[in-house]
1. Inside region 29-38, can you point out the residues that are touching a Gly at 6+ places or on another chain (Cβ under 8 Å) and surrounded by 15 or more Cβ atoms within 10 Å (Cβ to Cβ)?
2. Would you pick out the residues in region 15-46 that are under 17 Å from D58 (Cα atoms) and aliphatic (A, V, I, L, M)?
3. Which members of region 39-55 meet the condition of being assigned to a loop (DSSP other than H, G, I, E, B), more than 16 Å from C13 (Cα to Cα) and open to solvent by 30 Å² or more (accessible area, probe 1.4 Å)?
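The values are calculated or read from the model by the stated rules, or taken from the named source; none is laboratory data. All values derive from a computational prediction rather than experimental measurement. Neighbour counts are summed over all protein chains in view; Cβ atoms, including those assigned to glycine, are modelled from backbone coordinates with ideal geometry. Accessible surface areas use protein heavy atoms only, side chains included; no ligands, DNA or RNA. Shrake-Rupley method; radii C 1.70, N 1.55, O 1.52, S 1.80 Å.
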Amino acid sequence: MNEISALKPSLECVVDCANILGEVPLWDVAEHALYWVDIEGKKLQRLTPASGEVRVADHFAAIDLAHVAVCEALKTGCSRSLPI
């Protein structure tokens, strides 16, 4: 068995969020939280793995979500100014 075939990644669903098009995952080191957007569902979501809490902001237009997520990622890696 070679090294590549020995690597067997395991996948686990940690949030059953039923996104239409979930993307742009951003890890905020300071908050220990994962942010992502559902572009088609027009939602900005935040998971705090330690508690399992998921927060959802669903009052954004799809284009705004993409803009916020990408701009924040490029500026700082992630921003605590995200509105959820």
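1. W36, V37, D38, listed by residue number.
2. Passing the criteria: V15, A18, I20, L21, V24, L34, V37, I39, L44.
3. Those that are assigned to a loop (DSSP other than H, G, I, E, B), more than 16 Å from C13 (Cα to Cα) and open to solvent by 30 Å² or more (accessible area, probe 1.4 Å): E40, K42.
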